[in-house]
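Take a look at the structure set out below.
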Amino acid sequence: MSHATSETKTVKPGTVEQVVDFLSGNEMAATAVAQINYHLMGYYPITPSTEVAEYLDEMYANGDHGVRMIPADGEHGAAGICYGASTAGGRVFNATSANGLLYSIEQLPVQSGTRMPMVLNLVCRSVSGPLDIRGDHSDLYSTLNLGWIIFCAKDPQATYDMIAIATKVTEHMDVRLPAIVANDGFFTSHQKRRVYRIAADKDLQDFVGPYKYVHSSVDPNNPTTFGPYMNDPDQINNKKQLSLAMAASVSVIDAVYDEWAKLAGRRYSRLETYKMEDAEVAILILNSAADTAMEAADAMRAQGKKVGVLYPTVLRPFPAEELRKACKNVKALLVADRADVYGAQGGAMTLDAKSALKDDTNNKTLVMSRIYGLGGKDFLDLDAIEMFNLALAASAKGKVDVTYDYIGAEPGDPSYSIPAKNPAITKQASSPGILSVTKDEATGQLVVKGVKQRELTKLPTRIAPGHGACPGCGIFPNISTFLKGIEGHVVMLWHTGCGMVVTTGYPSTAFNITYIHNLFQSGAPTLSGALEMFKERQRRGEIPAGEEITFIMVTGDGGLDIGLGPALGTAIRNHKMIILEYDNQGYMNTGHQLSFATPLGHKTSTSNVGPMETGKTFHHKDSAQLFAATHIPYVFTATEGNYKDLIRKAAKAQWYARNEGLVFGKLFSVCPLNWGHPDDIGNELSQLVVDINFFPLYEVEHGVTTLNYDPEEKGTKKDVTEWLGKMAKTKHLLKPENKPLVDRFRTEVERRFQRIKAMSQHPLL
């Protein structure tokens, strides 16, 4: 591993040479994984854990490690990749956060129940909704009962150390359980600290040792069944074995902590104590907030207050006996949880602490719960001092007045009122009757007339100006132009992505119509539920029978990777709604990671360019053809560069959605920030992708394809290199050594175009 700014330094009492560096938690996680040289990482981008995969991919491109990086179609898929890889006898790693963890959570008990070791770096973040990308422990607390060992890393140094330690613990023959290494989103993941990392990869690899599997799914000489169906009493016996393994991990963790102290000179205990020797009151707290609590303890000690801090480095198995010993003389303990267990009168760690202390019949410690820091709200020394003062007051009174409450929640200004909404857009205002849609009885296809730009400016604006999109962003020219072809009332659902984030920063909104948000994988089912409830309430007479609403879902930023299955399910059910994909060829709202929509060879933050890697390694997904295969009434592609074609297709989409069923539209959407092109050439690029045949303009009505624009017939045909040369993310492809990759890309582009053209010439296709 090479870092230009590092200096070598031997650290004592450790026994190996280490390097002083200045790195973040995400960098340290990636460094540990690269040095250990895990066999495989299955991953999916989500803030704030995404950087771990980005750093690993960048290092892989430069030849710094051999970890096989597999981009999944969503966190559930990533977890499945990891489980499958672990059955095949190799060392497996993953990193995720928040709702990504929850989406994968079905797989986690499978991993522990079949005793398959792996390490998951959980970069803790608030679980939505509403959407919040900052750090708390609401995701971590959802894992407490899944059979995974849980290590807690309060800073970047601990992140590095715990990944190495967890690797060795999980693979111990008495344990054989997967482990989570949890650190705090942004507080730890992105903040840089002075750190030490082992200089020689071999020293770290010798510490964890070679991977030794018990069973392998790829050993033909020893066929094995993984995850059989179990009857009574087999399942309870299986869980008893898991419980015994978790109990056995206690001594293993302690032994590995001792080994790490000898190797690296950094000693950990499952429950860390700070100034607890004579403490009369204490705070029990997790991860990065422990540093703030310790600073506050120093300030309180300077005032003569006997206070101390406790923080676990292992949350599962919970250090109950260690807590009982630490609190033997403590009069009052305040347990600070960065997530609530709603209805339980305390967070998860509070409940664990109360249970542990109750088991000691001689313990008289008063325990109170305080919830803090939700949604990444800063935890300040004043907050910690308030906690200490609450514990001191309880100690003096001999009782707790308020056992459970929040710290940092604000009642708000009672005089504040949400800004007035714009007046509702009336059906009359949004239906000027400019466009006419009729069916050609001979062909069965729709004919649209009246696409006149000047006339269509009369339509009210459904998305207001003033949103926070980047200059030149293609999302809003596409969607706003599409909406020019839609008359009447509209309800829109936007799933998580750039378009959602820049338009709805609470308490403001850029929407003059009803707007719903849900996550990538849930957008299409959510809108279909709203649609079907609308129709059912109409049937019951609760909504006027003649009222019409056009339901439109907007997806993009790679959302039709993780959301593809549910969206296809919605198409197969044929709900009367429209799905629009703004295709910007990556996960832009999380920092331009590769998506399945990213073309071959294109550079992203998880498909880097270097001696060992030249951009994305597989071709882009053709979502329009995927939806056409579901036999929905209407599928189309469009670009902002052909606005009349786009508006015409919007009018068709509304007719089909009102009368027959689901419509899918794919819109080419430029992204100057991440593609690396001037923000004023979006329209030019939108035409260029059509002229190189990369993004053919066509529509599929009742299974019959019509090519709307043929560059060869128009005399505008250009080579793919003209497009590739316009963007920073693809200029490397123009180097002579990458000609074979460009040829491969050009061949696939032409094959797909000629296929569409041939279908257009066939009466049944």
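Hey, how many Å between the Cα centroid of the stretch 547-601 and the Cα centroid of the stretch 479-539?
Rounded to whole Å, the Cα centres lie 13 Å apart.
Taking a 25 Å limit on the Cα-Cα distance, which of the listed pairs K239/K328; K275/K364; K649/K729 fall beyond it?
Values: K239/K328 33 Å; K275/K364 20 Å; K649/K729 31 Å.
Beyond 25 Å: K239/K328; K649/K729.
At most 15 other C-beta atoms within 10 Å and a DSSP loop state: those are the exposed GluC sites (Glu not before Pro) I care about. Give me the longest piece of the chain that has none. Please list the in-between numbers first.
Values: sites that count: E277, E441, E542, E547, E548, E660.
Counting only loop sites that pass the neighbour cut-off, the longest clear stretch is 1-276.
In terms of Cα to Cα distance under 18 Å, which aspartates and glutamates are near enough to K306, apart from those fewer than 8 places away along the same chain?
E272, E277, D278, E280, D291, E295, D298, D381, D383, E386
When Lys and Arg each count +1 and Asp and Glu each count -1, what net charge do the other residues less than 15 Å away from L493, Cβ to Cβ, add up to?
Values: positive: R462, K576; negative: E532, D557, E581.
Result for the local shell: -1.
Give me the dipole magnitude in Debye, nearest 20, for the stretch 471-760 about the Cα centre, with unit charges on the beta carbon: positive for Lys and Arg, negative for Asp and Glu.
Values: 30 positive and 30 negative charges, 62 e Å.
My answer is approximately 300 debye.
Check the straight Cα-Cα distances from K666 and name the aspartates and glutamates below 15 Å, setting aside those fewer than 8 residues away within the same chain.
The qualifying aspartates and glutamates are D557, D561, E581, D583, D622, E640, D645, E699, E701.
Using alpha-carbon pairs under 8 Å, 6+ residues apart, how would you state the relative contact order of the chain in percent? Working shown, then result.
Numbers: 1591 pairs, mean separation 74.7, N = 765.
Normalised by residue count, the contact order of the chain is 10 percent.
Go through K735/K757; K717/K739; K452/K757; K616/K726; K452/K652 and tell me which ones have a Cα-Cα distance over 22 Å in this structure.
Numbers: K735/K757 31 Å; K717/K739 20 Å; K452/K757 28 Å; K616/K726 18 Å; K452/K652 16 Å.
Pairs exceeding 22 Å: K735/K757; K452/K757.
In whole angstrom, note down how far apart the Cα centers of the stretch 429-456 and the stretch 214-235 are.
What the calculation gives is 62 Å, centre to centre.
Report the Cα centroid-to-centroid distance between the stretch 171-198 and the stretch 387-421 in angstrom, as an integer.
The two parts, judged by their Cα centres, are 33 Å apart.
Which of the DSSP-defined H helices in the chain satisfy a minimum axial length of 27 Å, computed from C-alpha atoms, and a minimum mean Kyte-Doolittle hydropathy of 0.0? The partial results should precede the final answer.
Values: long enough: 234-264 (43 Å, 0.05); 739-760 (31 Å, -0.97).
Span-like helices here: 234-264.
Bin width 10 Å, origin at 0, all Cα-Cα pairs of the stretch 700-743: what percent of pairs per bin?
Answer for the stretch 700-743: a P(r) of 22, 32, 27, 17, 2 percent.
Considering the Cα positions of the chain, please state its Rg to one decimal place and its Dmax as a whole number of Å.
29.0, 93
Rounded, prolate or oblate for the stretch 271-406? Axes are the square roots of the Cα gyration tensor eigenvalues, ordered a ≥ b ≥ c, and the cut-off for rounded is a/c under 1.5.
The shape class here is rounded.
Between beta-carbons, use under 11 Å as the cut-off and find the net charge around G591, counting Lys and Arg +1, Asp and Glu -1.
Values: positive: none; negative: E51, E54, D557.
With Lys, Arg at +1 and Asp, Glu at -1, the neighbours total -3.
Which aspartates and glutamates, if any, have their Cα less than 14 Å from the Cα of K427, not counting same-chain residues under 8 positions apart?
Straight-distance partners of K427: E487, E547, E548.
Specify whether the C-alpha gyration tensor of the stretch 209-258 places it in the rounded, prolate or oblate class, a ≥ b ≥ c being the square roots of the eigenvalues: rounded for a/c under 1.5, otherwise prolate if a/b is larger than b/c and oblate if not.
Values: a/c = 5.32, a/b = 1.21, b/c = 4.41.
Oblate.
Quick one: net charge around T47, please, counting Lys, Arg +1 and Asp, Glu -1 for every other residue with C-beta under 11 Å from its C-beta. All intermediate terms of the calculation are to be shown ahead of the outcome.
Numbers: positive: R125, R134; negative: E51, D132.
Overall, the nearby charge balance is 0.
For Cα pairs less than 8 Å apart in space and 6+ apart in sequence, what is the mean separation divided by the residue count of the stretch 271-406, i.e. the relative contact order in percent?
On the way: 253 pairs, mean separation 38.6, N = 136.
Worked out over the stretch 271-406, it gives 28 percent.
At a threshold of 8 angstrom on Cα-Cα distance, excluding pairs fewer than six apart, so keeping six or more, what relative contact order does the stretch 349-439 reach in percent?
Numbers: 39 pairs, mean separation 27.8, N = 91.
Relative contact order, the stretch 349-439: 31 percent.
If each DSSP helix of 4+ residues adds -39,500 (n - 2.57) and the sum is divided by the residues in the chain, what number results at 222 nm, nearest 500 deg cm²/dmol?
Numbers: 25 runs with 269 residues, N = 765.
So the calculated ellipticity at 222 nm is -10500 deg cm²/dmol.
Every number here is computed from the coordinates shown, using simple stated rules; none is lab data. Everything quoted here is computed from the prediction, not taken from an experiment. A quick note on method: Cβ atoms are made from the backbone with ideal geometry, for glycine too, and the neighbour counts reach across all protein chains shown.
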